[in-house]
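Input: a single structure, listed below in structure tokens.
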Amino acid sequence: MASLSDIALAPSRPARLHLWLAAALVLAALASLQVGAADVTLSALAGKFMRGEALSPLERLILWDIRLPRLAMGALVGAGLAVSGAILQGLFRNPLADPGIVGVTAGGMLGAILAIVLGGLLPAAHLARTGGQLVPLAAFLGSWGATLLLYRVSTRGGRTSVATMLLAGIALAALAGALAGILIYMADDQQLRDLTFWNMGSLAGASWPKVLAAGPLVALALGAAMTLGRGLNGLAMGEATAAHIGINVQRLKTAAVLCAAAATGAAVAIAGAIGFVGIVVPHLVRLAAGPDHRTLLPASALLGATLLTLADVIARVIVAPAELPIGIVTAVLGAPVFLWILLRRKGGLA
Amino acid sequence: MSFIATDIHVRYGPREALRRVSLTARAGELTAIVGPNGSGKSTLMGALTGTLPFDGSVTLNGQDITRQRPWQLAAQRAVLPQDSRLAFDFPVIEVVRMGLQAGTAGDRPEVPMQALARVGLAHYATRSFHALSGGEAQRVMLARVLAQVWEPVADGQPRWLLLDEPVSSLDIGHQLQVMEIARDFARSGGGVIAVMHDLNLTALYADRIAVLAGGDRLAFGPPTEVLTDGTLSRAYGCALRVSAPPPQHVPYILPHAATP
């Protein structure tokens with residue numbers, strides 16, 4: 001018979017899930033550091049380290065300036081998108097919600113297209129001040145602008161209507177799409193190429209400045225998101241009932257929108273539009289561990305980081321020495337997985 | 001200690017859903033709100049629970065409810081909604097545990113199982129909520145509500161159950177079970193306010209009945225005073241005959257066909 005101390009020491013089911021996912025993330029990270037165009041492998045580097053030899057400048061460059069920031073960026077973007085998806089599915093009480101639904105992606109896309117097509121018109125002095133990061137900056141501002149506008153439109157007398165937000169998000173995405181269309185019409189061939197690649201998402205531009213710019217924001221959003229679990233669980237019964245069991249529903253909604261917008265905005269800014277992670281990852285976690293948001297949110301962060309890191313490894317290897325945009329990989333792998341889930345579940349989603 | 005609504009006035013656009021309706025529910029009693037569809041029953045419940053904006057005042061145990069935080073209200077009253085849908089498929093016991101959100105029974109981890117046993121569904125604890133029938137889902141929600149205010153009296157103050165059509169999806173046996181639970185809660189010192197449709201069930205269990213029609217309060221008092229041919233026929237706009245058959249002489253309402 002198990003004694004009381006055994007029960008206390010044995011990790012609970014969610015804790016075990018988190019351990020497994022953390023282990024998977026470590027393996028994915030090792031794979032990401034191992035693989036690349038240059039012939040630099042972890043075992044060779046480890047051997048050198050054991051023998052006390054210094055790394056060559058090239059090896060340092062490849063490991064420290066190319067593969068590590070790329071790994072960090074992939075993990076940040078994957079965790080940010082997956083947690084945003086989980087938050088928004090909880091907020092909208094709809095398993096089909098994804099970060100695109102609050103206008104973040106559309107706004108980010110419009111910002112990026114504006115920067116790509118019209119950026120050249122800016123005076124060179126202003127352009128220099130953005131440090132060559134005009135597109136990510138514009139994408140971030142665009143995604144935040146869209147979310148704040150959406151939040152304003154759907155909040156009346158201190159109450160945010162989630163249904164209005166959903167509808168206004170569709171309208172805003174259509175408007176952003178039309179404006180983007182005008183800019184695309186004006187764009188030259190090179191700009192069109194840049195745009196197309198931005199829309200498919202990529203971690204190819206990974207650098208420490210980008211990681212340091214987006215990292216704190218994503219980390220803050222993820223940290224805050226972990227406190228929303230109980231509230232989002234209560235929200236599953238509807239807003240009125242959530243309030244009746246003691247949840248401050250308006251504060252919960254504001255916090256949820258801010259967390260999702262911060263994490264997605266930062267992710268979109270540094271990596272472009274990467275689809276499917278936000279919608280598929282929370283589903284996979286729910287299948288494995290149930291809908292409790294106290295488990296779902298951290299597990300989605302870990303699984304999102306793992307899957308995007310792995311998708312990036314595939315993107316780098318599959319057409320080496322060139323590489324695929326990561327959005328293609330996530331969609332090619334994500335869509336069939338999603339269809340499989342839909343076919344396997346007879347009772348429908350939710 | 002009581003739950004007092006004074007001059008509640010609610011407008012939906014140009015329509016007045018409630019016209020200066022007042023109601024005093026006392027701890028230790030089951031107060032029922034009855035009336036035809038659209039009479040303002042659920043609107044009055046919305047004002048009592050603080051879900052709807054209203055003119056007038058609602059005080060709970062002497063405190064204005066609009067001045068209290070959600071968790072302060074949650075510690076004093078639990079609300080059973082009409083709708084027992086759930087966006088995600090939680091296990092039954094987790095749904096009941098959500099009643100502990102306000103921390104009201106936080107140091108009593110056994111309460112959710114006891115609440116589930118009270119509604120006769122202890123063996124359903126690990127089942128999926130979405131696999132339940134409508135009536136079972138409604139009883140699980142009742143267990144959640146009971147878990148939230150498990151002791152009918154806490155710190156010398158009564159706690160309250162607000163039930164919006166608590167028996168709407170239940171068979172007659174479970175209708176009686178749920179009404180017994182509500183009455184026991186009141187007899188133990190708590191207060192119960194229930195929106196009801198079934199007049200005979202209401203006559204059997206309510207200590208006081210408010211009859212609403214067209215946004216006005218037509219009558220308020222004990223069943224024998226309120227449930228009369230005149231009041232009910234006026235409220236529901238159809239011919240109803242009230243009798244009091246032995247042995248209990250509880251009012252019993254029979255409809256009369258409009259055309260023979």
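Annotation note: of B:V58, B:V21, the sole residue that is among the β-branched types (V, I, T) and crowded, with 21+ Cβ neighbours inside 10 Å is B:V21.
The set of residues in region A:233-250 that are within 17 Å of B:V96 (Cβ to Cβ) and facing another protein chain (nearest Cβ under 7 Å) comprises A:N233, A:G234, A:A236, A:M237, A:G238, A:T241, A:H244, A:I245, A:G246, A:I247. In this structure, A:A315 qualifies as in contact with an Asp or Glu (Cβ under 8 Å, 6 or more places away or on another chain), under 26 Å from A:K210 (Cα atoms), surrounded by 21 or more Cβ atoms within 10 Å (Cβ to Cβ) and away from chain B (no Cβ under 14 Å). Among the candidates B:G35, B:G40, B:G56, the residue that is touching a residue at least 24 places away in the same chain (Cβ under 8 Å), closer than 24 Å to B:G214 by Cβ and touching a His at 6+ places or on another chain (Cβ under 6 Å) is uniquely B:G56.
To keep it simple, each residue is scored yes or no on (1) touching a strand residue (DSSP E or B) at 6+ places or on another chain (Cβ under 9 Å); (2) not in a loop (DSSP other than H, G, I, E, B).
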residue: B:L142; (1), (2): yes, yes
residue: B:L161; (1), (2): yes, yes
residue: B:L170; (1), (2): no, no
residue: B:D184; (1), (2): no, yes
residue: B:N200; (1), (2): yes, yes
residue: B:A203; (1), (2): yes, yes
residue: B:V211; (1), (2): yes, yes
residue: B:A219; (1), (2): yes, yes
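I'm trying to understand the selection: among the residues of region A:52-73, which are over 12 Å from A:L33 (Cα atoms) and crowded, with 20+ Cβ neighbours inside 10 Å? Listed by number, the list holds a single entry, A:M73.
Any chance you could count how many residues in region B:97-119 are modelled with pLDDT under 95 and either assigned to a loop (DSSP other than H, G, I, E, B) or within 12 Å of another protein chain (Cβ to nearest Cβ) (or both)? Residues meeting the conditions: 14. Checked against the criterion of being surrounded by fewer than 24 Cβ atoms within 10 Å (Cβ to Cβ) and not in a helix (DSSP H, G or I), the candidates A:A97, A:A38, A:A29 yield just one match: A:A38.
Condition check: closer than 29 Å to A:R152 by Cβ and more than 14 Å from chain B (Cβ to nearest Cβ). Does A:G229 satisfy that?
Details: closer than 29 Å to A:R152 by Cβ: yes; more than 14 Å from chain B (Cβ to nearest Cβ): no.
For A:G229, the condition - closer than 29 Å to A:R152 by Cβ and more than 14 Å from chain B (Cβ to nearest Cβ) - is not met.
From the list A:A204, A:A180, which one is among the aliphatic types (A, V, I, L, M), under 23 Å from the mean Cα position of the chain (by Cα) and in a loop (DSSP other than H, G, I, E, B)?
A:A204
Inspection of region B:32-41 finds no residue satisfying the criterion of being in contact with a strand residue (DSSP E or B) (Cβ under 7 Å, 6 or more places away or on another chain), surrounded by fewer than 23 Cβ atoms within 10 Å (Cβ to Cβ), at negative phi and within 14 Å of chain A (Cβ to nearest Cβ). Contact annotation: residue pairs with Cβ atoms under 7 Å, 6 or more positions apart or on different chains, pairing a residue in region A:102-113 that is at positive phi with a partner that is among the aliphatic types (A, V, I, L, M) and assigned to a helix (DSSP H, G or I), are A:G103/A:A146; A:G103/A:L150; A:G103/A:L172; A:G103/A:A173.
The selection criterion, being touching a residue at least 60 places away in the same chain (Cβ under 8 Å), of a type in the set (G, A, S), assigned to a strand (DSSP E or B) and on the phi < 0 side of the Ramachandran plot, holds for B:A194.
Answer yes or no as to whether A:L118 is within 25 Å of the chain's Cα centre (by Cα) and assigned to a helix (DSSP H, G or I). No; evaluated as a whole, the condition is false for this residue.
Checked against the criterion of being at the interface with chain A (Cβ under 7 Å from one of its Cβ atoms) and more than 23 Å from B:Q138 (Cβ to Cβ), the candidates B:P81, B:P70, B:P53 yield just one match: B:P70. Taking (1) at pLDDT below 85; (2) assigned to a helix (DSSP H, G or I) in turn, A:G348 satisfies each apart from (2). Scanning region B:129-150 turns up no residue that is more than 8 Å from every other protein chain (Cβ to nearest Cβ), touching a helix residue (DSSP H, G or I) at 6+ places or on another chain (Cβ under 8 Å) and surrounded by fewer than 16 Cβ atoms within 10 Å (Cβ to Cβ).
Look through region A:268-297, keep the residues that are away from chain B (no Cβ under 14 Å) and outside any helix (DSSP H, G or I), and return whichever of them is surrounded by the most Cβ atoms within 10 Å (Cβ to Cβ). Applying the filter and picking the extreme gives A:I274. The requirement of being part of a helix (DSSP H, G or I), buried (at least 24 other Cβ atoms within 10 Å of the Cβ), in contact (Cβ under 8 Å) with a residue 12 or more places away in the chain and away from chain B (no Cβ under 14 Å) is not satisfied by A:A255. Can you tell me which residue is farthest from the other protein chains (Cβ to nearest Cβ) among those in region A:207-226 that are free of Cβ contacts under 8 Å to residues at least 60 places away in the same chain and more than 15 Å from the chain's Cα centre (by Cα)? Once the filter is applied, the top-ranked residue is A:L212.
Residues that are small (G, A, S) and more than 10 Å from the chain's Cα centre (by Cα) were ranked within region A:273-312; the one that is nearest to A:Q89 (Cα to Cα) is A:S300.
Restrict the check to region A:193-203 and report whether at least one residue is at positive phi, touching a residue at least 60 places away in the same chain (Cβ under 8 Å), in contact with a Pro (Cβ under 7 Å, 6 or more places away or on another chain) and surrounded by 14 or more Cβ atoms within 10 Å (Cβ to Cβ). Yes, region A:193-203 contains a residue that is at positive phi, touching a residue at least 60 places away in the same chain (Cβ under 8 Å), in contact with a Pro (Cβ under 7 Å, 6 or more places away or on another chain) and surrounded by 14 or more Cβ atoms within 10 Å (Cβ to Cβ). Taking the conditions (1) touching a residue at least 24 places away in the same chain (Cβ under 8 Å); (2) surrounded by fewer than 21 Cβ atoms within 10 Å (Cβ to Cβ) in turn, B:L161 satisfies each one other than (2). Just one residue in the set A:G215, A:G246, A:G265, A:G223 is outside any helix (DSSP H, G or I) and out of contact with any His (no Cβ under 9 Å at 6 or more places or on another chain); that residue is A:G246. Note on region A:55-101: residues that are within 22 Å of A:S143 (Cα to Cα), among the polar types (S, T, N, Q) and more than 14 Å from chain B (Cβ to nearest Cβ) amount to 1. Of everything in region A:134-185 that's of a type in the set (F, W, Y) and more than 17 Å from A:T196 (Cα to Cα), which residue is surrounded by the most Cβ atoms within 10 Å (Cβ to Cβ)? In this case the residue turns out to be A:F140.
The values are calculated or read from the model by the stated rules, or taken from the named source; none is laboratory data. Keep in mind that what you see is a predicted model, and the values were worked out from it rather than measured. Because the Cβ atoms are built from the backbone with ideal geometry, glycine has one as well, and the counts that use them run over all protein chains shown.
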